[in-house]
Amino acid sequence: MKPVNKAEINFPSNSVNEGFARAVVSSFLAQLDPTVADLTDIKTAVSEAVTNAVVHGYRDTIGTVYITIKIFENGRAVVRVRDRGCGIPDIKQAMEPLFTTGGDERAGLGFAVMQSFCDGVKVSSKEGRGTSVTLTKFFAKKE
């Protein structure tokens, strides 16, 4: 199915840009006339995906975070957050709640949060080449 609208952005992996990503995605998805709760859900999931790219993907370096947002006729929104960082050696392990490579200051709940707020979460990664997180959320059509 072809999207009815699409946007692409990229920005440096500075942690201050996480708020920018949330704002851009929510502004673009506003055309679906979402509920406040649905908009908050996708913003939270995007925050987690971008934070993972910044903290884990690029670790102690600055790279580029890429976001693609697609809207489909049936109210489905697909947000892809991608980096070209270090990659994830074991995706299954990384998606386990409480698992983290970020030290004591990280809770290891990023993927669990994404899964709880989205209708679908897909992660693909190659070590040394980066990670792609695809978030799917269905927004109900209002009469």
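The values are calculated or read from the model by the stated rules, or taken from the named source; none is laboratory data. These numbers were taken from a predicted model, which means no experiment stands behind them. Here the Cβ is made from the backbone with ideal geometry for all residues, glycine too, and neighbour counts use every protein chain on show.
Things worth noting here:
- Across the stretch 32-59, the qualifying residues are those that are aliphatic (A, V, I, L, M) and either within 20 Å of Ser125 (Cα to Cα) or in contact with a Pro (Cβ under 6 Å, 6 or more places away or on another chain) (or both), and the one among them that is surrounded by the fewest Cβ atoms within 10 Å (Cβ to Cβ) is Val55.
- When residues of the stretch 16-60 are limited to those that are among the small types (Gly, Ala, Ser) and under 15 Å from Arg82 (Cα atoms), the one farthest from the chain's Cα centre (by Cα): Gly57
- Qualifying residue in the stretch 2-17 (condition: at pLDDT 95 or above and part of a helix (DSSP H, G or I)): yes
- Identity of the residue in the stretch 60-82, charged (D, E, K, R) and modelled with pLDDT of 95 or more, that ends up nearest to Lys126 (Cα to Cα): Arg82
- Cβ-Cβ under 7 Å pairs, at least 6 apart or on other chains, the stretch 7-29 side on the phi > 0 side of the Ramachandran plot and β-branched (Val, Ile, Thr), far side modelled with pLDDT of 95 or more and part of a helix (DSSP H, G or I): none
- The listed residues are Val50, Val24, Val46, Val55, and the only one of them that is hydrophobic (A, V, I, L, M, F, W, C), in a helix (DSSP H, G or I) and at pLDDT below 95 turns out to be Val55.
- Condition met for Ala7 (of a type outside the set (Ser, Thr, Tyr) and surrounded by 15 or more Cβ atoms within 10 Å (Cβ to Cβ)): yes
- Residues that are closer than 12 Å to Val50 by Cα and among the aromatic types (Phe, Trp, Tyr) within the stretch 6-32 comprise Phe11, Phe20, listed in sequence order.
- The set of residues in the stretch 12-31 being buried (at least 16 other Cβ atoms within 10 Å of the Cβ) and among the hydrophobic types (A, V, I, L, M, F, W, C) consists of Ala21, Val24, Val25, Phe28, Leu29.
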